[in-house]
Amino acid sequence: MTQTNALPADILMHLRDTRTLPVVSVVAIKLAVVLSKWATRRRTRLALGQLTDAQLDDVGLTPRAALIEQRRVFWQA
């Protein structure tokens, strides 16, 4: 399964940095970037719960560390 989040995020970052956009557009873009980050955090933290102990070891996490990370809320970095 491929992720297509990279391209839209790059475009959003470019648009966000463009100075010619109206203020409402800049705010909307910043909101979209934040929501995208939150969705990614939520999705990856949920995926941690699906990994086996061996897979967690492969990525350098203990089951306890994975559980702590998984329980964090999506807005926490």
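The values are calculated or read from the model by the stated rules, or taken from the named source; none is laboratory data. Just so it is clear, the structure is predicted and the values come from calculations on it, not from any experiment. Cβ: placed from backbone, ideal geometry, glycine included. Neighbour counts: every protein chain shown.
Kindly list the number of the only condition in (1) part of a helix (DSSP H, G or I); (2) of a type in the set (A, V, I, L, M, F, W, C); (3) more than 27 Å from MET13 (Cα to Cα) that fails for LEU51.
Tallying (1) part of a helix (DSSP H, G or I); (2) of a type in the set (A, V, I, L, M, F, W, C); (3) more than 27 Å from MET13 (Cα to Cα), LEU51 fails exactly one: (1).
Could you check region 2-44 and list, in sequence order, the residues that are of a type in the set (Val, Ile, Thr) and either in a helix (DSSP H, G or I) or modelled with pLDDT of 90 or more (or both)? Please lay out each step first, then the result.
Initial filter on region 2-44 (of a type in the set (Val, Ile, Thr)): 2, 4, 11, 18, 20, 23-24, 26-27, 29, 33-34, 40, 44.
Result: ILE11, VAL23, VAL24, VAL26, VAL27, ILE29, VAL33, VAL34, THR40, THR44.
I'd like to verify a number: residues in region 20-66 that are in contact (Cβ under 8 Å) with a residue 12 or more places away in the chain, surrounded by 12 or more Cβ atoms within 10 Å (Cβ to Cβ) and over 13 Å from the mean Cα position of the chain (by Cα), how many? Before the answer, list the steps.
The initial filter retains those residues of region 20-66 that are in contact (Cβ under 8 Å) with a residue 12 or more places away in the chain, namely 29-30, 32-33, 36, 38-42, 45-46, 48-49, 51, 61, 66.
Now narrow it down to the ones that are surrounded by 12 or more Cβ atoms within 10 Å (Cβ to Cβ): 29-30, 32-33, 36, 38-42, 45, 48, 51, 61, 66.
Subset that is over 13 Å from the mean Cα position of the chain (by Cα): 29-30, 48, 51, 61, 66.
Residues that pass the stated criteria total 6.
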